[in-house]
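Peer 1: Let me give you the structure first, and then I'll get to my questions.
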Amino acid sequence: MHMTIAMDGPVGAGKSSVADDVAKALGILHLDTGAMYRAFAWYALEKGVSLDDEAALEALTKEAMPEVAYVDGAQRTSIAGQDVTGLIRTPEVSMAASTVSKYLGVRQGMVALQQKLAAQTPMLVDGRDICIRVLPNATVKLFLTASAEERARRRWLEMNQKGAPDTYEQVLEDLKKRDDQDMNRQVDPLRPTEDAIIVDSTEMSFEQVVEHILAIVEEKTA
């Protein structure tokens, strides 16, 4: 059975960027499951489906679900035939993704897709429920986190570089709302599993986080 790495953690922990570099260093693919939820949320917003209407959102999963392809090793995420990779990183879509992800019908469809993809090739999968639900038997389980203030600072700097007008205080408030929603949903709430290795990156540089995780993988797979 090939190697799988499961990485969970809260919003703004840097999972996607860290996972990209770790996966490249290991020569495996990286599946960003957050992008899949974002794509579905984007589609719901485009279709005018209420994010409070669980039945309508579950019905929407029968109409269209995200598709993942890799171009030069990088994930491209599509839905309903449209590549939405560059459209799903807005604060509005971010909050919408957190909302739709709390519904069982949506999560069941996503988990089935993610498990199918991970079964095909060695892969690092990051998200919110990877260790407990998507890859409960992963070779390595990680929980990447940092303080809310540090995560908000990093996200604010990233958004500021892109010209977004949000203040640090706004970013921190939105981040805490997402944390509350992710950690307190009824279906697979965000939390570290007992067998996951917690990586707190609050006082670490990006490079240090990548090196630390690579060392963990090496030790676990030696």
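Peer 1: Rounded to the nearest 0.05, what FRET efficiency do K47 and K24 have when you use their Cβ-Cβ distance and R0 = 30 Å?
Peer 2: 0.30
Peer 1: Here is a further query. How long are the three semi-axes of the equivalent ellipsoid for the range 86-209, computed from the Cα gyration tensor as the root of 5 times each eigenvalue, in whole Å, largest first?
Peer 2: After diagonalising the Cα gyration tensor, the semi-axes are 26, 19, 15 Å.
Peer 1: Could you work out the relative contact order of the range 1-67, using alpha carbon pairs under 8 angstrom and six or more residues apart, expressed as a whole percent?
Peer 2: It comes to 20 percent, rounded to a whole number.
Peer 1: If you keep only loop residues by DSSP, which chymotrypsin sites (Phe, Trp or Tyr not before Pro) in the range 1-66 have at most 12 other Cβ atoms within 10 Å of their Cβ?
Peer 2: Values: sites: Y37, F40, W42, Y43; in loops: none.
Of the chymotrypsin sites (Phe, Trp or Tyr not before Pro), not one in the loops of the range 1-66 has a Cβ with at most 12 other Cβ atoms within 10 Å.
Peer 1: Per residue and in cubic angstrom, what volume does the convex hull of the Cα atoms of the chain have?
Peer 2: Working: hull volume 27.2 nm³, N = 222.
Enclosed volume per residue, from the Cα hull, is 122 Å³.
Peer 1: Over the range 130-222, how many pairs of lysines fall under 27 Å by alpha carbon, counting only those 8 or more apart in sequence or from different chains?
Peer 2: 5
Peer 1: Say the dipole of the range 76-221 comes from +1 at the beta carbon of Lys and Arg and -1 at that of Asp and Glu; which of A119, I197, G81 then lies farthest toward its positive end?
Peer 2: Of the options given, the answer is G81.
Peer 1: Hey, another quick one. Comparing D182, D126, D83, which has the greatest mean-square fluctuation in the GNM of the chain with Cα pairs linked when under 10 Å apart?
Peer 2: D83
Peer 1: Does a label point 7 Å from the Cα of E67, set along Cα-to-beta-carbon, have any residues of the range 110-130 with amide nitrogen under 16 Å, and which are they?
Peer 2: 113-114, 117
Peer 1: Taking each pair of different alpha-carbon atoms in the range 143-222 once, compute 1/r for the pair, average those values, and report the inverse of that mean as the Kirkwood hydrodynamic radius in Å to one decimal.
Peer 2: 14.5
Peer 1: I need the calculated FRET efficiency for the pair E219 and Q115, taking r as the beta carbon distance and R₀ as 22 Å, to the nearest 0.05.
Peer 2: The calculated FRET efficiency here is 0.25.
Peer 1: Once the range 17-119 is represented by equal point scatterers at the alpha-carbon sites, with solvent omitted, what log10 I(q)/I(0) does the Debye formula produce at q = 0.11, 0.13, 0.18 Å⁻¹?
Peer 2: -0.32, -0.45, -0.83
Peer 1: Taking 0.36 nm per intervening residue step and subtracting the Cα-Cα distance, what contour gain separates F206 from Q108 on full extension?
Peer 2: 32.0 nm
Peer 1: With a cut-off of 8 Å between alpha carbons and a minimum separation of six or more residues, what is the relative contact order of the chain in percent?
Peer 2: 33
Peer 1: For the chain, with only Lys/Arg (+1) and Asp/Glu (-1) charged at the beta-carbon, what is the dipole magnitude about the Cα centre, in debye rounded to 20? Don't skip to the end; give the middle numbers.
Peer 2: Values: 24 positive and 35 negative charges, 82 e Å.
Here the size comes out at about 400 debye.
Peer 1: How large is the helix-only mean residue ellipticity at 222 nm for the chain, computed as the sum of -39500 (n - 2.57) over DSSP H runs with n ≥ 4, divided by its residue count, in deg cm²/dmol to the nearest 500?
Peer 2: Calculated from helices alone, the mean residue ellipticity at 222 nm is -15500 deg cm²/dmol.
Peer 1: For a quick size check, give me the Cα extents of the range 146-188 along its three principal axes, largest first, whole Å.
Peer 2: 36, 18, 15
Every number here is computed from the coordinates shown, using simple stated rules; none is lab data. Being a predicted model, the structure only gives us computed values, none of them experimental. So basically every Cβ, Gly included, is an ideal-geometry build from the backbone, and we count neighbours across all protein chains shown.
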